[in-house]
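Down below is the structure, laid out as structure tokens.
Please treat every number below as a calculation from the coordinates, not as lab data. Every value quoted in this text rests on a predicted model; they were computed, and no experiment measured them. For neighbour counting, all protein chains shown are included, and Cβ atoms are generated from backbone atoms with ideal geometry for every residue, glycine included.
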């Protein structure tokens, strides 16, 4: 009996346990990780499945400390909800449970780096059992913009050791940022004896990371134009970001393998008096190199790799050697160039000066020693008269005399020129250049300038005289070696004859000037004025007199007017001018008389002035109606009175 009961109970327990495992299905699902920036809010979701209602569930949140311990931060059941006190999350977490979606959300505000932990969500059911899920909270912080520094001095090319190129640094990132070096857009890497990159990481007091990287490189000459920069990569929620520094260049010093020297200026051929500028450079750039230029036994120091020689002469022709010495290695290099200074010696004219007789032949030579082909030309008074070293003039005259200029030039070089002069004097008796007019008419009191130009050699002496032998004073006189320009001024008071006398050891010459004193006059225009005066008294014999006076103005003509032949003899002027004036006056008087007659007739007929034809016409004709015109002539001094009808009045009426 007991055995059967025990078996039955055991079978029932097995069936009961089998049924229990069939419906105990509490499950919790969570994300592997939640990512958030430092200072932001994180939400960790816990999703569960259970047949029990929320009142039959117990929910708890835990985090795993860095030492591996499990620390509870939240508890909830059907009767209470509470946040554990004394943890780092006590004041920063909240939990929201949504029964409809079976979600439990843990919210953490102001996330800090220390919050990067593993969080556990535990759900326990009265009938469904217990289940938990885990999520890692990852915290990120963007680093500062990276900086790059290059070395402050140049880097010497050295085949044996590495040289520091620069350093890169990025600060305050989380997690730790990574730095990669680039050379001309290519990431740097390679054997440690060629490229060396050293990284160092620092954790700041804030918990953020700062990374510094130094690059060392075996520098070659080709690196002088290379650009280097750093690339920084860092993690952010959901991905990776990258930023770059500004590129840097390095100064690479490399030794010269050759030295070059050349003449910078002048371009082309060099002549004496020029300024020569030498340039001397090596194909290296080490600042420790010293340059000098040597010419024969003379050494010249260079200023900025240049040498300037001023006002050079032919003695400075030759080889110029530029030498470079590297003061670090004491290695010497040199280069050379050849300079030739062209020259043109002063021109030599033979003979120096010449005196020759008229009719002789002139022959002179001009030569100048030069390093180049020359061209010789002769000039006189600015005009080219001959080409070549020899000047020849046949049948010399006074026109042959003067200064000849010999100009020697080098056509290949602009401005290369020499010049010398030759003075030629042609001996002979004086020759006076004949004036255009030696007969001069001038007004009284005028001043006349007489000019006498004489050529001859030796220089003639010039004097001015009158026919009676009186010497006149010379006003001005200009002398050259073979000419005299003499001026004598005289005031015209009467007719005058003056002689210009020139003489030297070879003879004499003279010219005569005749000055005629002339009084010139011109006639003024004659003006006739007619005046009419009437009186009311019938017995009065008074007359109204109109006087016309002809006057003559006399003007003294200037000598230029006289010589031009524009003056008119005075007598002819008086005769012809007066006749024309008298004729004009007579015509005017006749027209006036006719007009007076017409007016008088109309007056008597009563056509004018309001008078009728019956008025008395018996009044004396010598009354106020008479119009009297008086004309005087300078020849007869006679006065003629005309009535209104043009008849001559008797003397009693005058």
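Using C-alpha pairs under 8 Å with a sequence gap of at least 6, the mean separation divided by the residue count of region 147-252 gives a relative contact order of 36 percent.
For region 340-496, the pair-distance distribution built from all alpha carbon pairs, in bins 5 Å wide starting at 0, is 2, 8, 14, 14, 13, 10, 9, 8, 7, 6, 4, 3, 2, 1, 0, 0 percent. Contact order, relative form, for region 348-428: 38 percent (alpha carbon pairs under 8 Å, 6 or more residues apart, mean separation divided by residue count). Our estimate of slack between residue 330 and residue 465, defined as 0.36 nm per intervening residue step minus the Cα-Cα distance, is 39.0 nm. Given their separation in residues at 0.36 nm each and the Cα-Cα distance between them, residue 350 and residue 69 gain 88.7 nm when the chain is fully extended.
Want the number for residue 185 to residue 98: 0.36 nm per residue separation, take away the alpha-carbon distance, what's left? Before the final figure, lay out each step's value.
Values: separation 87, 0.36 × 87 = 31.32 nm, distance 5.42 nm.
So the extension gain works out to 25.9 nm.
Once the C-beta distance of residue 149 and residue 204 is scaled by a Förster radius of 25 Å, the resulting FRET efficiency is 0.80 to the nearest 0.05.
Is region 73-125 best put as rounded, prolate or oblate by its Cα gyration tensor, with a ≥ b ≥ c the root eigenvalues, rounded for a/c under 1.5, and otherwise prolate when a/b is larger than b/c, oblate when not?
Details: a/c = 2.05, a/b = 1.60, b/c = 1.28.
Because a/c hits 1.5 or more and a/b exceeds b/c, region 73-125 counts as prolate.
Cβ-to-Cβ counts within 10 Å put 472, 122 in ascending order as 472, 122, the fewest first. Considering only the Cα atoms of region 433-518, their convex hull presents on average a projected area of 5.3 nm².
For 89, 499, the sequence from fewest to most other C-beta atoms within 10 Å is 499, 89. Computed on region 21-140, with alpha-carbon pairs under 8 angstrom and 6+ residues apart, the relative contact order is 39 percent. Secondary structure note: in region 348-428, about 85% of the DSSP beta bridges are antiparallel. Shape analysis of region 194-310 based on the Cα gyration tensor places the equivalent ellipsoid semi-axes at 54, 15, 12 Å, largest first. With distances taken between every two different alpha-carbon atoms, region 147-252 has a Kirkwood hydrodynamic radius of 14.6 Å.
The simple spin-label model puts a point 7 Å past each Cα toward its Cβ; for residue 118 and residue 505 those points are separated by 14.1 nm. Sorting 600, 229 by the number of Cβ atoms found within 10 Å of their own Cβ, with the fewest placed first, yields 600, 229.
Calculate the length of the line joining the C-alpha centroid of region 167-243 to that of region 382-454, in whole Å. What the calculation gives is 92 Å, centre to centre. The largest-to-smallest principal axis extents of the Cα set in region 21-140 are 44, 29, 27 Å. For the pair region 254-318 and region 117-142, the centres of their Cα atoms are 85 angstrom apart. Dividing the Cα radius of gyration of region 233-383 by 2.2 N^0.38 Å, with N the residue count, gives 2.02. Separation of region 29-69 from region 467-492 is 138 Å, based on Cα centroids. Dividing the radius of gyration of the alpha carbons in region 255-342 by their Kirkwood radius gives 1.00 for Rg/Rh.
Distance between the modelled labels on residue 306 and residue 591, one decimal in nanometres: 9.5 nm (7 Å Cα→Cβ projection). Suppose R0 equals 35 Å. What FRET efficiency, 1/(1 + (r/R0)^6) with r the Cβ-Cβ distance, do residue 54 and residue 33 give to the nearest 0.05? Approximately 0.80, to the nearest 0.05. If a/c stays under 1.5 just call it rounded; otherwise compare a/b with b/c (prolate if a/b is bigger, oblate if not). Do that for region 376-426, with a ≥ b ≥ c from the square roots of the Cα gyration tensor eigenvalues. Judged from the Cα gyration tensor, region 376-426 comes out prolate (a/c at least 1.5, a/b above b/c).
What FRET efficiency, computed as 1/(1 + (r/R0)^6) with R0 = 60 Å and r the Cβ-Cβ distance, is obtained for residue 385 and residue 285, rounded to the nearest 0.05?
Calculated value: 0.45.
Quick one: plug the Kirkwood hydrodynamic radius of region 183-245 (C-alpha pairs) into Stokes-Einstein at 37 °C, 0.692 mPa s, and report D in µm²/s. Estimated diffusion coefficient is 232 µm²/s.
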